[in-house]
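This report refers to the structure that appears directly beneath it.
No value in this document is a laboratory result; all are computed from the given coordinates. Here the structure is a predicted model, which is why all the values come from computation and not from measurement. Backbone-built Cβ (ideal geometry, glycine too); neighbour counts: all protein chains shown.
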Amino acid sequence: MRHLLTTADLQFETATALLDTAEALKQALLGREVRKLPTLRGRTVVTLFYESSTRTRASFEIAGKWMSADVVNVSAAASSAAKGESLRDTAITLAAMGADCVVIRHPASGAAHRLAGWVPAHVINAGDGTHQHPTQALLDAATLRDRLGTLNGRTVTIVGDVLHSRVARSNIQLLITLGARIHLVAPPTLLPWGIANWSGQNSGAHNREQSWPVTVGHDLDAALPGTDALMVLRVQAERMHGGFFPSAREYSISYGLTEARLRRLPEHAVVLHPGPMLRGMEIAASVADSPRAAITDQVRNGVHVRMAVLYHLLAAQEEQQ
Amino acid sequence: MSSPFGTGAAGSPRQHELLSAADVARIVARIAHQIIERTAPQPVVLLGIPTRGVPLVHRLADRIREFGGTLAGVGTLDVTLYRDDLRRRPTRPLQPTELPAGGLDDALVVLVDDVLYSGRTVAAALDAVREYGRPRAVQLAVLVDRGHRELPIRADYVGKNVPTSPEEEVGVLLVETDGTDAVVIRRGPR
């Protein structure tokens, strides 16, 4: 593996190997006073963030540091990008300083893919527009494996702003690869146009990017009893330029995860949220804090999953191109 | 778990058996006696190095208990993250590390592996051990010592010394991982 740009690139074997490595790293660090492994000594990881982030950036930094890599953080707001430098020039500059790996978050879909063609470094996509956020999907899969044992045959319901969600896109592709069934629930305005025509048709027959073998509904209550894991998405106001629903209150009544809805989920079902949460909007505060919610587990697994990705990209012999 | 030599049958012209199943059993019993002699009455912590050090460590632990020795714990120690040759090979999968509940501080630790060759695995294991605690002493037990050390490392307990050439491969087969017990040697080139 040279880059991690999209979960569509991950075959079952690769995805499973990454998750197994994350689990082994978690075990290796369990109960240790000094959480430091020498594995990536002398390797330099640059995080290049053109969008705000708390958990993803911090998580990559911690993952790199626990494996003894040197981690440099660049945020666009405080960099030469604010003076008008292009992404390409910034990336080439960082690569010239010896970055072995660039972790990029950018508001434009496809930014990570472009970057991978410009620099010799390994590129990890930490979120590009509404396209992909592969490490988020991997940490969600790791959390679901912990809680449900396996993803094979499990039904994962994704509710909320699917239209703008790179988390949803990444998860759909990864979780289906791992054997899960995906059900999307959202108001029609927050689903990609024409998705009802794609879903269920041509599943696996041609390009998975274009046809999602998912089922789609608009009624959250109807979906709850058959759900093994409920993934609640944030309503991304920063990407909404127009009226997608009448009011926050109305969205919350129809699609918010309330305590009453939590009770209608099966006993074993687990609740995920990629964060940051809007409590009272898409998820009630009491639900977010309940033991049924695996939200802090997701964050904890995020560090191990990112360590695993860095290990697979940086620790082995360079693949011959 | 696949055999270290793929599916090739034992006894093919380029491969011959060095130790039989009975030899392996006798050697494990002998090393168990030696560990008791050298360490009693101090209890020891046995740590197997994956992959084939793990079944070996459990067999050794069973024999030591059977012969009246005392164990402070049995565990496994994956050294992959501490290797100095990671960047010379494709990605190595990680194996589980399970340390005894008592930890390694002030313990008498015996590392257990199948083959001692360059010594680099053991060097990585010593680095890994240091991360988990400060043992009173660390010793090394191996089923086969095939020579060609690249580091100043020697084993305290050796099942069998086997003079080899670097072109040869030594394969330890164990029931738990390979379905049969044997040590075989195969002549190169690969």
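Taking the listed residues A:ALA108, A:ALA112, the one that is under 19 Å from the mean Cα position of the chain (by Cα), in a helix (DSSP H, G or I), at negative phi and of a type in the set (A, V, I, L, M) is A:ALA112, with no other qualifying.
I'm trying to understand the selection: among the residues of the stretch B:150-188, which are over 16 Å from B:THR121 (Cα atoms) and among the acidic types (Asp, Glu)? Matches in the stretch B:150-188: B:GLU167, B:GLU168, B:GLU169, B:GLU176, B:ASP178, B:ASP181.
Summed over the stretch A:310-321, residues that are away from chain B (no Cβ under 11 Å) and under 18 Å from A:LEU29 (Cα atoms) total 1.
With respect to the conditions (1) within 21 Å of the chain's Cα centre (by Cα); (2) in contact (Cβ under 8 Å) with a residue 12 or more places away in the chain; (3) away from every other protein chain (no Cβ under 11 Å), A:ARG279 falls short on a single one, namely (2). When the stretch A:298-309 is limited to residues that are under 10 Å from A:ILE62 (Cβ atoms) and of a type in the set (A, V, I, L, M, F, W, C), the one that is nearest to the other protein chains (Cβ to nearest Cβ) turns out to be A:MET307.
Residue check: B:LEU94 meets all listed conditions (1) within 14 Å of the chain's Cα centre (by Cα); (2) under 30 Å from A:GLU13 (Cβ atoms); (3) hydrophobic (A, V, I, L, M, F, W, C) but one, namely (1).
Of all residues assigned to the stretch A:75-93, at least one qualifies as being assigned to a strand (DSSP E or B) and more than 14 Å from every other protein chain (Cβ to nearest Cβ).
The set of residues in the stretch A:25-47 being among the small types (Gly, Ala, Ser) and either more than 8 Å from chain B (Cβ to nearest Cβ) or in contact (Cβ under 8 Å) with a residue 12 or more places away in the chain (or both) consists of A:GLY31, A:GLY42. Would you point out which residue out of B:THR76, B:THR70, B:THR51 is touching a residue at least 24 places away in the same chain (Cβ under 8 Å), polar (S, T, N, Q) and closer than 19 Å to B:HIS33 by Cα? Exactly one of B:THR76, B:THR70, B:THR51 is touching a residue at least 24 places away in the same chain (Cβ under 8 Å), polar (S, T, N, Q) and closer than 19 Å to B:HIS33 by Cα, namely B:THR70.
Looking only at the stretch A:222-252, filter to residues that are over 19 Å from A:ARG292 (Cβ atoms) and in contact (Cβ under 8 Å) with a residue 60 or more places away in the chain; which one of those is surrounded by the most Cβ atoms within 10 Å (Cβ to Cβ)? Applying the filter and picking the extreme gives A:VAL235. Selection within the stretch B:85-101: residues that are of a type in the set (S, T, N, Q) and closer than 14 Å to B:ALA125 by Cα. The member of this set that is farthest from the other protein chains (Cβ to nearest Cβ) is B:GLN95.
Within the stretch A:5-22, residues that are within 18 Å of A:TRP212 (Cβ to Cβ) sit with their Cβ atoms under 7 Å from residues that are of a type in the set (Gly, Ala, Ser) and part of a helix (DSSP H, G or I), at 6+ positions apart or across chains, in these pairs: A:THR7/A:ALA137; A:THR7/A:SER170.
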